[in-house]
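The values are calculated or read from the model by the stated rules, or taken from the named source; none is laboratory data. No experiment lies behind these values; they were computed from the predicted model shown. Every residue, glycine among them, receives a Cβ derived from its backbone with ideal geometry; neighbour counts consider all protein chains shown.
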Amino acid sequence: MATAAAVPNPPPFRRLPQKGPDITVDHRDDGTILIRSNHAMAEPARSIPHLMAERAALHPDRPWLMQRAPGHGPWQGVTYGEGKRMADSVAQWLIDRGLGAGDAVICLSANSVAQGILMVGCFTAGVPIAPLSPAYSLVSTDHAKLKHCFVTVRPRIVFAEQAAMFERAFDTLRALDPSLTFVTVDGGAGTIPFRELTDTVATDAVDAAREALTHDTVGKYLFTSGSTGMPKGVPQHQGMFVNLIAASEGLRDDPDPVDHPISLDWMPWNHISAGTIHFNAAIAGGGTLYIDEGKPVPGLFETTIANLREISPMSFGSAPIAFAMLADAMERDPTLRHAFFKNLRGMGYGGATLSDDLYDRMQALAIAETGERMPFTTMYGATETLGVTVVHWASERVGLIGLPLPGSTLKLVPSGDKLEVRVKGPTVTTGYHNDPEKTAAAFDEEGYYMLGDAARFLDPDRPEHGLVFDGRVTEDFKLSSGTWVSVGTLRPDIVAACSPYLQDAVIAGQDKAFIAVLAWPSASALQTLAEATPGADPFPTLEGLVKEKLEAFNAEAGGSSRRVGRFTILRSAPSIDGGEITDKGYVNQRATLTARADIVKALFADEVGEHIIDLRG
């Protein structure tokens, strides 16, 4: 299988309309490093509802949110004028029922136009909204996370698109609180139709509620992924929202700004990247957001591809797994490549490191279509912090997490042989909802939030070149020899070394004599091998190809902290219900090792078992 290699003497990048690096770095005697951007933030808006009102007044007929009719039908949605009117009606409905800052609305279903209207309506009324992962309701067998989130925020209103689909979750929540009000778009049994909310006539009370909003008003409770236990409820304030927009605007340097940005996004609104950063940025920029119902998994990514043929976005951001599938598709289909790059100004990735191999493939495709390379940016942050750092310049490499956004201070604290990342600034939450113990543990003595990640300078002598992600402090482990293994850097390196055969991998070996790898195969690699030998099992051939790649990797790896001793190719996809993969497509290292403990045990057994490949000679 051929892949696109790095292009010698590549053409220049398409211009990225961002200011270049300009930072101040202070070193303390204890080894702590403080980093600040010298770029000033723009003036922050008062709230997202104020931005929505401004945009509705400027261009009431411009499409705001769009999604396809069922069955991959035509695009349909609302304009800014319609969206603002409906959101005001929702706000009035909430006010009429006496809901306020001490209450909450929870959303159980996936991204939709209705949920977007509900979100802005809640913002306007000053009632926190809590979007939950649909998997908590539809996939989970015990509803443990759903019940935990419910108890954390104690909502009075529950929203979902379809009553029948969420009936089992509704029953679980009714058992916890019989007084709950359920709202659905289809108005199914026992629920109020969403149209009743949007048909409510807004009064001056809505304008008064909007004017009462401050930067301290909680807009939503967003829950963490729960990778280290039950999800934690994070209050996200209007100040966090608008200060992130202001920080991003402080970096903008665009002599020819886009009047009407177009974006296509599949990532779920119960995470910060899509639900907070992209959603709010679309409103602030007066853009049209097309809701992509595809996902980067076999059988669903075809929907994303079909949407990209129609909606040529100006920017495209996603998880690395989506870029891998997109590269596979565009290498096979030049017409898709043309549609994707038609209006594109740049690409962004997040949640995991993009491999060098995948970066080279995407750049080769960009050059073939446009004659230019495309800037790849990334914003690093967390549910508790929103954006912390950003790559706001065209970089020759991936793996950077950039430099601090204007207005925030990054603090790097020595932790063993690494530097732990901490941050303070106007986009950082005040703590966890109703959980003072976890709040106290999350901040250091100077009030910096501790992210649990490590970072290092790409070049300590040239800090303006940016920071590189150096793994999760909590994921790294020691071999039995006492040698530390940096999981966060080793995982993408192994996947890149085995390109194009692997989709993702997790690393095992804590207190063991060597490193072992559990890897998921690339769907396109399996398809190609299956087509080459119809009727034959493609896995043995794939194992041989990956073995060759890992032997070459080991030859250059150096010490035991990077050398792979054994590996296995997993036959089953990562499980959302088991916590192995998030609904954004990010693999959870810890949950996978727990869920597949029997495979981990087999990898380190004295005798090499079936489907275990030994590389130790």
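So which of ASP417, ASP453 ends up being farther than 16 Å from LEU34 by Cβ and crowded, with 22+ Cβ neighbours inside 10 Å?
Working: ASP417 fails: crowded, with 22+ Cβ neighbours inside 10 Å.
Among ASP417, ASP453, only ASP453 is farther than 16 Å from LEU34 by Cβ and crowded, with 22+ Cβ neighbours inside 10 Å.
Residues ASP142, ASP177, ASP171, ASP186: which one is out of contact with any strand residue (DSSP E or B) (no Cβ under 9 Å at 6 or more places or on another chain), modelled with pLDDT of 95 or more, among the charged types (D, E, K, R) and over 18 Å from TYR221 (Cβ atoms)? Even if it seems obvious, please write down each step before you answer.
Details: ASP142 fails: modelled with pLDDT of 95 or more; ASP177 fails: over 18 Å from TYR221 (Cβ atoms); ASP186 fails: out of contact with any strand residue (DSSP E or B) (no Cβ under 9 Å at 6 or more places or on another chain).
None of the other options fit; the residue is ASP171.
With the condition kept exactly as written, say whether any residue in the stretch 239-250 is surrounded by fewer than 24 Cβ atoms within 10 Å (Cβ to Cβ) and either part of a loop (DSSP other than H, G, I, E, B) or in contact with a Gly (Cβ under 7 Å, 6 or more places away or on another chain) (or both).
Within the stretch 239-250, not a single residue is surrounded by fewer than 24 Cβ atoms within 10 Å (Cβ to Cβ) and either part of a loop (DSSP other than H, G, I, E, B) or in contact with a Gly (Cβ under 7 Å, 6 or more places away or on another chain) (or both).
Would you check which residues across the stretch 366-381 are under 30 Å from HIS237 (Cα atoms) and either in contact with a Ser or Thr (Cβ under 8 Å, 6 or more places away or on another chain) or at pLDDT 95 or above (or both) and list them?
Hits for the stretch 366-381 are PHE376, MET379, TYR380, GLY381.
What number goes with the only condition from (1) surrounded by 18 or more Cβ atoms within 10 Å (Cβ to Cβ); (2) touching a helix residue (DSSP H, G or I) at 6+ places or on another chain (Cβ under 6 Å); (3) in contact (Cβ under 8 Å) with a residue 60 or more places away in the chain that PRO298 does not pass?
If we test PRO298 against (1) surrounded by 18 or more Cβ atoms within 10 Å (Cβ to Cβ); (2) touching a helix residue (DSSP H, G or I) at 6+ places or on another chain (Cβ under 6 Å); (3) in contact (Cβ under 8 Å) with a residue 60 or more places away in the chain, just (1) comes out false.
Which residues, counting only those in the stretch 171-188, are closer than 18 Å to ALA135 by Cβ and in contact with a helix residue (DSSP H, G or I) (Cβ under 9 Å, 6 or more places away or on another chain)?
Hits for the stretch 171-188 are THR172, LEU173.
Can you run down the residue pairs with Cβ atoms below 6 Å, 6 or more apart or on separate chains, where the first is in the stretch 510-522 and farther than 27 Å from PRO320 by Cα and the partner is of a type in the set (A, V, I, L, M, F, W, C)?
Sorted first by the residue in the stretch 510-522, then by its partner, the pairs are LYS512/PHE604.
Sort through GLN92, GLN115 and tell me the only one that's polar (S, T, N, Q), modelled with pLDDT of 95 or more and in contact with a strand residue (DSSP E or B) (Cβ under 8 Å, 6 or more places away or on another chain). Even if it seems obvious, please write down each step before you answer.
On the way: GLN92 fails: in contact with a strand residue (DSSP E or B) (Cβ under 8 Å, 6 or more places away or on another chain).
Answer to the selection: GLN115.
What strands (runs of 3 or more DSSP E) lie completely within the stretch 388-481 and have 2 or more residues being farther than 25 Å from ALA508 by Cα, among the basic types (Lys, Arg) and without any contact (Cβ under 8 Å) to a residue 12 or more places away in the chain? Don't jump to the end; show me each part of the working.
Details: elements: 400-404, 409-415, 418-424, 449-457, 467-472.
Hits in the stretch 388-481: none.
With VAL487, VAL495, VAL506 as the choices, which residue is of a type in the set (Val, Ile, Thr) and surrounded by fewer than 23 Cβ atoms within 10 Å (Cβ to Cβ)?
VAL487 is the lone residue from the list that is of a type in the set (Val, Ile, Thr) and surrounded by fewer than 23 Cβ atoms within 10 Å (Cβ to Cβ).
Going through ASP493, ASP511 one at a time, which residue ends up being over 20 Å from the mean Cα position of the chain (by Cα) and part of a loop (DSSP other than H, G, I, E, B)? Outline the logic, then answer.
Values: ASP493 fails: part of a loop (DSSP other than H, G, I, E, B).
On inspection, the qualifying residue turns out to be ASP511.
List every residue pair whose Cβ atoms lie under 9 Å apart, where the two residues are 6 or more positions apart in sequence or sit on different chains, the first residue falls within the stretch 308-325 and is closer than 12 Å to SER522 by Cα, and the second residue, located anywhere, is buried (at least 22 other Cβ atoms within 10 Å of the Cβ) and of a type in the set (Asp, Glu).
ILE321/ASP504; ALA324/ASP504
Quick check on ALA40: is it at pLDDT 95 or above, outside any strand (DSSP E or B) and over 16 Å from PHE457 (Cβ atoms)? I'd like the intermediate steps shown before the answer.
Values: at pLDDT 95 or above: yes; outside any strand (DSSP E or B): yes; over 16 Å from PHE457 (Cβ atoms): yes.
Taking the combined requirement at face value, the residue satisfies it.
Tell me the helices (runs of 4 or more DSSP H) entirely within the stretch 78-172 that contain at least 1 residues that are closer than 21 Å to PRO231 by Cβ and under 21 Å from the mean Cα position of the chain (by Cα). Can you show your working first?
Working: elements: 80-96, 113-125, 134-138, 144-153.
Fully inside the stretch 78-172 and qualifying: 113-125, 134-138, 144-153.
Does SER227 count as at pLDDT below 95 and either β-branched (Val, Ile, Thr) or surrounded by 14 or more Cβ atoms within 10 Å (Cβ to Cβ) (or both)? Give the steps one after another, and end with the answer.
Details: at pLDDT below 95: yes; either β-branched (Val, Ile, Thr) or surrounded by 14 or more Cβ atoms within 10 Å (Cβ to Cβ) (or both): yes.
So SER227 passes the test.
Which of the residues that make up the stretch 316-337 are touching a Pro at 6+ places or on another chain (Cβ under 6 Å) and among the charged types (D, E, K, R)? Spell out the reasoning first.
Of all residues in the stretch 316-337, those touching a Pro at 6+ places or on another chain (Cβ under 6 Å) come to 321-322, 325.
Within the stretch 316-337, no residue meets the criteria.
Name the residue that is farthest from TRP93 (Cα to Cα), counting only residues in the stretch 173-213 that are without any contact (Cβ under 8 Å) to a residue 24 or more places away in the chain and in a helix (DSSP H, G or I).
If we take residues in the stretch 173-213 being without any contact (Cβ under 8 Å) to a residue 24 or more places away in the chain and in a helix (DSSP H, G or I), then ALA175 is farthest from TRP93 (Cα to Cα).
Can you tell me which residue among PRO21, PRO63, PRO17 is in contact with a strand residue (DSSP E or B) (Cβ under 7 Å, 6 or more places away or on another chain), at pLDDT below 95, surrounded by 15 or more Cβ atoms within 10 Å (Cβ to Cβ) and not β-branched (Val, Ile, Thr)? Write out each step before concluding.
Details: PRO21 fails: at pLDDT below 95; PRO63 fails: at pLDDT below 95.
None of the others qualify; the one that does is PRO17.
Given the criterion surrounded by fewer than 24 Cβ atoms within 10 Å (Cβ to Cβ), in contact with a strand residue (DSSP E or B) (Cβ under 9 Å, 6 or more places away or on another chain) and not assigned by TED's automatic domain parsing to the domain that holds SER499, identify the matching residue among GLY387, GLY381, GLY399.
On the way: GLY387 fails: surrounded by fewer than 24 Cβ atoms within 10 Å (Cβ to Cβ); GLY381 fails: surrounded by fewer than 24 Cβ atoms within 10 Å (Cβ to Cβ).
When all the criteria are applied, what remains is GLY399.
Residue by residue, here is whether (1) in contact with a helix residue (DSSP H, G or I) (Cβ under 9 Å, 6 or more places away or on another chain); (2) of a type in the set (A, V, I, L, M); (3) at pLDDT 85 or above; (4) over 15 Å from LYS549 (Cβ atoms) holds:
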site	(1), (2), (3), (4)
VAL485	no, yes, yes, yes
PHE514	no, no, yes, yes
SER524	yes, no, no, yes
ALA530	no, yes, yes, yes
PRO534	no, no, yes, yes
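ARG337 fails exactly one of the following numbered conditions: (1) assigned to a helix (DSSP H, G or I); (2) of a type outside the set (Gly, Ala, Ser); (3) at pLDDT below 95. What is the number of that condition?
Single failed check for ARG337: (3).
Can you name every residue in the stretch 268-324 that is assigned to a helix (DSSP H, G or I), within 17 Å of PHE123 (Cβ to Cβ) and of a type outside the set (S, T, N, Q)?
As a first pass, look at the stretch 268-324 and keep what is assigned to a helix (DSSP H, G or I): 272-284, 301-310, 320-324.
Subset that is within 17 Å of PHE123 (Cβ to Cβ): 272, 274-284.
Passing the criteria: ILE272, ALA274, GLY275, ILE277, HIS278, PHE279, ALA281, ALA282, ILE283, ALA284.
Could you count how many residues in the stretch 251-272 are over 25 Å from LYS220 (Cα atoms) and buried (at least 21 other Cβ atoms within 10 Å of the Cβ)?
Residues in the stretch 251-272 being over 25 Å from LYS220 (Cα atoms) and buried (at least 21 other Cβ atoms within 10 Å of the Cβ): 1 in total.
Can you name the residue in the stretch 346-375 that is in a loop (DSSP other than H, G, I, E, B) and among the aliphatic types (A, V, I, L, M) and, of all such residues, is farthest from the chain's Cα centre (by Cα)? Steps first, answer last, please.
Let us first name the residues in the stretch 346-375 that are in a loop (DSSP other than H, G, I, E, B), namely 350-355, 371-372, 374-375.
Adding the requirement that they be among the aliphatic types (A, V, I, L, M) leaves 352, 354, 374.
On the way: ALA352: 9, LEU354: 13, MET374: 21 Å.
Among them, the one singled out is MET374.
Out of (1) closer than 27 Å to TYR359 by Cα; (2) touching a strand residue (DSSP E or B) at 6+ places or on another chain (Cβ under 6 Å), the odd one out for ALA496 is which?
(2)
I'd like to know if the stretch 163-170 contains one or more residues that are crowded, with 20+ Cβ neighbours inside 10 Å and either closer than 30 Å to ILE245 by Cα or touching a helix residue (DSSP H, G or I) at 6+ places or on another chain (Cβ under 6 Å) (or both). Steps first, please.
Taking the stretch 163-170 first, the residues crowded, with 20+ Cβ neighbours inside 10 Å are 166, 169-170.
Next, from what is left, pick out any that are either closer than 30 Å to ILE245 by Cα or touching a helix residue (DSSP H, G or I) at 6+ places or on another chain (Cβ under 6 Å) (or both): 166, 169.
Looking through the stretch 163-170, at least one residue is crowded, with 20+ Cβ neighbours inside 10 Å and either closer than 30 Å to ILE245 by Cα or touching a helix residue (DSSP H, G or I) at 6+ places or on another chain (Cβ under 6 Å) (or both).
In the stretch 444-495, which residues are more than 17 Å from SER408 (Cβ to Cβ) and acidic (Asp, Glu)?
Listed by number, the residues that qualify are GLU445, ASP459, ASP461, ASP470, GLU475, ASP476, ASP493.
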